[in-house]
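Report on the structure given below.
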Amino acid sequence: MKIFTQHQQEMAETLRPSASRSDWTDWKWHMRNSIKSVDDFERILGVDFPEKKKKIFERTLRKFPMSVTPYYLSLIDVDDFENDPVFMQSFPSIEELKIGRYDMTDPLHEDKDSPVPGVTHRYPDRVLFHVSNTCAMYCRHCTRKRKVGDNDCIPTREVIEQGIEYIRNTPQVRDVLLSGGDPFLLSDDRLDWILTEVGKIDHVEVVRIGTRTPVVLPYRITEDLVEMLKKHHPLWINTHFNHPRELTASSRRALMRLADAGIPLGNQSVLLAGVNDCQRLIKTLNQKLVKNRVRPYYLYQCDMSEGLSHFRTPIGKGIEILESLRGHTSGFSVPTYVVDAPGGGGKIPVMPNYIVSWGPNKVVLRNFEGVITTYNEPKTYDSKYCDRECSKCNLQLKEDDAEENAVGIEKLLSDWDDTTSLTPRGNERVGRRDDAA
């Protein structure tokens with residue numbers, strides 16, 4: 001698996017003449033050498049922008065900073081960089097300064113749904129826990145552009161402790177999503193501490209981590225990090241691949257390490273105009289993800305954050321893409337297409353309409369090929385009104401795990417029963433023992 005190309009060697013040496021292969025695979029080296037100016041971008045990729053264009057780019061950077069890892073920059077096709085999906089996701093555009101009529105600073109109302117700093121509690125049983133506002137790269141399509149580059153937004157230990165205390169005191173929370181920024185930009189020790197403290201809370205059943213490091217900084221997925229994460233199961237990780245070209249040898253290796261550690265992996269893509277708004281690209285991306293043991297989870301409609309109008313597509317484009325997936329590839333390769341509703345309404349799934357018509361006795365359906373069929377409703381279904389009086393319901397409402405009961409020789413073979421021997425009823429020897437007792 002080739003993870004260090006000649007092109008990357010040349011880039012590394014341009015950044016630091018003494019750079020070596022070990023530097024290139026050191027995630028901290030990439031963070032120290034992130035590209036943050038137009039001049040550095042030109043120098044490293046050998047690109048020259050007209051002076052007028054440079055001034056426009058620099059105007060954008062004054063409002064929305066740039067930071068790109070050398071690794072991610074190395075993926076850009078220099079011969080056609082202006083149409084390159086990596087370039088478009090990482091390099092500033094004057095379009096970002098065009099604030100549309102419906103653009104919002106915080107379209108998802110994350111700040112308004114924040115009971116304590118760093119926690120967004122929108123859904124009944126889960127919270128979003130902002131544990132880091134540092135990213136390996138500033139994505140140009142980020143819904144949290146309001147926080148990018150703002151050092152005042154970096155959560156302190158005290159702020160994180162406040163969030164943990166809120167979760168501890170809110171028993172309905174069973175699912176905690178660590179987000180940011182990027183939680184993997186924390187040190188192993190800091191992340192270990194957070195996971196340990198959250199893991200001590202009895203009502204928290206599962207922890208999820210959202211990260212883009214496998215995409216833009218795959219060397220962050222070190223053996224030490226993975227060994228630490230393995231201590232905190234059940235743990236789920238969602239990453240953020242938007243284009244098939246992002247699945248490089250290095251990113252595949254990072255995903256392999258996480259999957260081999262027993263961590264379920266999901267992916268959340270954003271539908272971006274000019275980047276991936278194509279049925280073929282999304283289908284290829286999802287099939288590549290599945291091949292690398294990553295389940296496509298969400299396809300997001302681009303949010304209505306300030307400066308993202310040029311990335312937004314009509315919702316109809318997303319539905320068109322789903323039509324090319326459902327039935328045309330494996331069901332687990334098809335993500336849920338969602339609109340994260342402005343105003344904090346949460347994720348709303350949007351699907352093609354497969355119900356053609358609906359009567360009292362049958363439903364008329366169509367499939368991906370256009371075949372129209374019917375499903376006859378059952379005539380014997382006894383519809384019962386549910387008044388939420390569970391104590392009076394005749395359904396078996398036992399929700400605890402069923403007990404595994406072993407019988408006979410099975411008891412001696414099973415791992416869950418402590419029986420070591422079986423004695424026939426009426427055994428005289430055992431009877432004498434009982435009499436003596």
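Observations on the model:
- Rough spin-label spacing in nm, given labels placed 7 Å along Cα→Cβ, for Leu413 and Glu42: 7.6
- The stretch 205-253 shape via C-alpha gyration tensor axes, a/c threshold 1.5: oblate
- Fraction of accessible area attributable to carbon and sulfur, the stretch 285-389 (%, probe 1.4 Å): 54
- Gyration tensor (alpha-carbon) shape descriptor, the stretch 252-402, a/c threshold 1.5: prolate
- Cα-projected label distance for Lys398 with Glu13, points at 7 Å along beta-carbon direction, nm: 7.1
- When all alpha carbon pairs of the chain are counted in 10 Å bins from zero, the resulting P(r) reads 4, 17, 25, 24, 14, 8, 5, 3, 1, 0, 0 %.
- Cβ-derived FRET efficiency at R0 30 Å, Arg32 paired with Thr156, nearest 0.05: 0.85
- When each of the peptides 282-292, 311-321 is scored by how many other beta carbons lie within 10 Å of its residues on average, the order from highest to lowest is 282-292, 311-321.
- Sparsely packed trypsin sites (Lys or Arg not before Pro) within the stretch 1-63, loop by DSSP, other Cβ within 10 Å at most 15: Lys2, Lys36
- Simple spin-label estimate for Glu197 and Lys53 in nanometres, 7 Å along Cα-Cβ: 4.8
- Theoretical gain in end-to-end length, His109 to Thr25 [0.36 nm per residue, Cα-Cα removed]: 26.4 nm
- Centre-to-centre, using Cα atoms only, the stretch 370-434 and the stretch 252-298 are separated by 39 Å.
- Per residue accessible area of the chain, 1.4 Å probe, in Å²: 54
- Accessible area of the stretch 1-127 belonging to carbon and sulfur atoms, whole % at 1.4 Å probe: 48
- Label zone of Leu365 (point 7 Å out along Cα→Cβ, amide N under 13 Å): in the stretch 313-330 this covers 327.
- Pairs of alpha carbons in the stretch 215-319 whose separation is greater than 23 Å (percent): 33
- Measuring r between the beta carbons of Glu165 and Glu377 and using R0 = 51 Å, the FRET efficiency lands at 0.50.
- As a rough guide to protection, the peptides 417-427, 270-280, 325-335 ranked by mean Cβ packing within 10 Å, highest first, stand as 270-280, 325-335, 417-427.
- The chain: angle of helix 188-199 to the longest principal axis, Cα-based, in degrees nearest 10: 40
- Helix-derived mean residue ellipticity, 222 nm - over the chain, DSSP H n ≥ 4, -39500 (n - 2.57), to 500: -8500 deg cm²/dmol
- Near Val363: Cβ cut-off under 15 Å, other residues only, Lys/Arg at +1 and Asp/Glu at -1. The net charge is +2.
The values are calculated or read from the model by the stated rules, or taken from the named source; none is laboratory data. Quick caveat, the model's predicted, so the values are computed rather than measured. Because the Cβ atoms are built from the backbone with ideal geometry, glycine has one as well, and the counts that use them run over all protein chains shown. Ligands, DNA and RNA are stripped out before the accessible areas are found, and what is left, the full protein with its side chains, is counted by its heavy atoms. Shrake-Rupley method; radii C 1.70, N 1.55, O 1.52, S 1.80 Å.
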